[in-house]
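For reference, the structure discussed in these notes is given below.
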Amino acid sequence: MENITTKLAVLIDADNAQPNIIDSLLVEVANYGLASVKRIYGDWTAPGLKGWKEVLLQYSIQPIQQFAYTKGKNATDSAMIIDAMDLLYTGNFDGFCIVSSDSDFTKLASRIRESGLLVYGFGEKKTPSAFVSACDKFIYTEVLRAKNNESEAIAKKPSKELKQDTKLVSLLRNAVEASSDESGWAQLGPVGSNIAKQSSEFDPRNYGYDKLGELVIATKLFEVEERQTGTTNSKVLYVRDKRS
């Protein structure tokens, strides 16, 4: 989680995002920093964006008009990319939040990261893997919708199903191994940091769990200990591969 002083530019592709995520989206963005700029791009003369119009004023999001000059060509993406580069060159931001499921933003995300800034992507699970991988972290909007609507809540995957997910198991085990001491125990915080470096789209909420610790426990592949540390007696979770 980033410091609140981290200044972020939030750019939303109205053609590829749904207004019912806005509450959870901005709450999620606040976990990483301050949304200094909030802009949304689309052809606001089109009836399909009516849902967005109703929330823009409430959340102080600036609409950027972009007419669809040519059928089949996405002028909105171009306008959003140009704006992003203009904002990048100001040097006023620490990172960008790109809200879209469109692969057209892959190069933009890579270019921003080349400049040393953070990129947080937000899109549906259909988002092409190239764009997902180009971001420092990618949050699937299905998770955000689930927070607003109990009927869309993501069911917790049981232990058996988690163990059969070879990608997840490998990710967790590699992170624990990389973060562990000589006895094989690893503090959960560094484990989470290592996972983030390996997989931009990893999120325990994708498996129905709010926290990484809950997911690790649910796999039943790791020993877990809660230890008190420091003079404040705060509790820290440690994990170790049961194969150790």
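The values are calculated or read from the model by the stated rules, or taken from the named source; none is laboratory data. Given the structure is predicted, the values throughout are model-derived calculations rather than measurements. Neighbour counts run over all protein chains shown; Cβ positions are idealised from the backbone, glycine included.
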- For the range 106-140 the number of residues that are crowded, with 21+ Cβ neighbours inside 10 Å, part of a helix (DSSP H, G or I) and within 15 Å of the chain's Cα centre (by Cα) is 4
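Among the residues of the range 223-240, which ones are of a type in the set (D, E, K, R) and either out of contact with any Lys or Arg (no Cβ under 6 Å at 6 or more places or on another chain) or part of a loop (DSSP other than H, G, I, E, B) (or both)?
If the condition is that a residue be of a type in the set (D, E, K, R) and either out of contact with any Lys or Arg (no Cβ under 6 Å at 6 or more places or on another chain) or part of a loop (DSSP other than H, G, I, E, B) (or both), then GLU225, ARG227, LYS235, ARG240 are the ones that fit.
Conditions (1) at pLDDT 95 or above; (2) in a helix (DSSP H, G or I); (3) surrounded by 14 or more Cβ atoms within 10 Å (Cβ to Cβ), marked per residue:
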{"position": "SER170", "(1), (2), (3)": "yes, yes, no"}
{"position": "ARG173", "(1), (2), (3)": "yes, yes, yes"}
{"position": "ASP181", "(1), (2), (3)": "no, no, no"}
{"position": "GLY184", "(1), (2), (3)": "no, no, yes"}
{"position": "LYS197", "(1), (2), (3)": "no, yes, no"}
{"position": "ASP210", "(1), (2), (3)": "no, no, no"}
{"position": "LEU215", "(1), (2), (3)": "yes, yes, yes"}
- Looking at (1) surrounded by fewer than 14 Cβ atoms within 10 Å (Cβ to Cβ); (2) on the phi < 0 side of the Ramachandran plot, can you tell me which one SER60 breaks? (2)
- Message: Looking only at the range 16-49, count every residue that is touching a strand residue (DSSP E or B) at 6+ places or on another chain (Cβ under 6 Å), under 15 Å from ASP77 (Cα atoms) and not hydrophobic (A, V, I, L, M, F, W, C) and tell me the total.
- Response: 2
- Query: Do we find that VAL143 is more than 18 Å from ALA35 (Cα to Cα), within 20 Å of the chain's Cα centre (by Cα) and surrounded by 18 or more Cβ atoms within 10 Å (Cβ to Cβ) in this structure?
  - Reply: yes
- Query: Has the range 19-35 got at least one residue that is under 19 Å from SER115 (Cα atoms), in the same structural domain as GLU124 (by TED's automatic domain parsing) and hydroxyl-bearing (Ser, Thr, Tyr)?
  - Reply: yes
- Select from the range 78-105 the residues that are of a type outside the set (A, V, I, L, M), assigned to a helix (DSSP H, G or I) and surrounded by fewer than 20 Cβ atoms within 10 Å (Cβ to Cβ) and list them in ascending order. SER78, ASP83, ASP86, TYR89, THR90, SER103, ASP104
- Message: Cβ contacts < 8 Å: first residue among the charged types (D, E, K, R), restricted to the range 25-38; second residue buried (at least 17 other Cβ atoms within 10 Å of the Cβ) and part of a strand (DSSP E or B), any location; separation 6+ or different chain. Result?
- Response: GLU28/PHE122; GLU28/ILE139; LYS38/VAL10; LYS38/ILE12
- Task: Take the residues in the range 60-100 that are touching an Asp or Glu at 6+ places or on another chain (Cβ under 9 Å) and small (Gly, Ala, Ser), then tell me which one is modelled with the lowest pLDDT.
- Result: ALA68
- Hey, can you tell me all the residues within the range 11-47 that are surrounded by 21 or more Cβ atoms within 10 Å (Cβ to Cβ), β-branched (Val, Ile, Thr) and either at positive phi or in a strand (DSSP E or B) (or both)? ILE12, ILE40
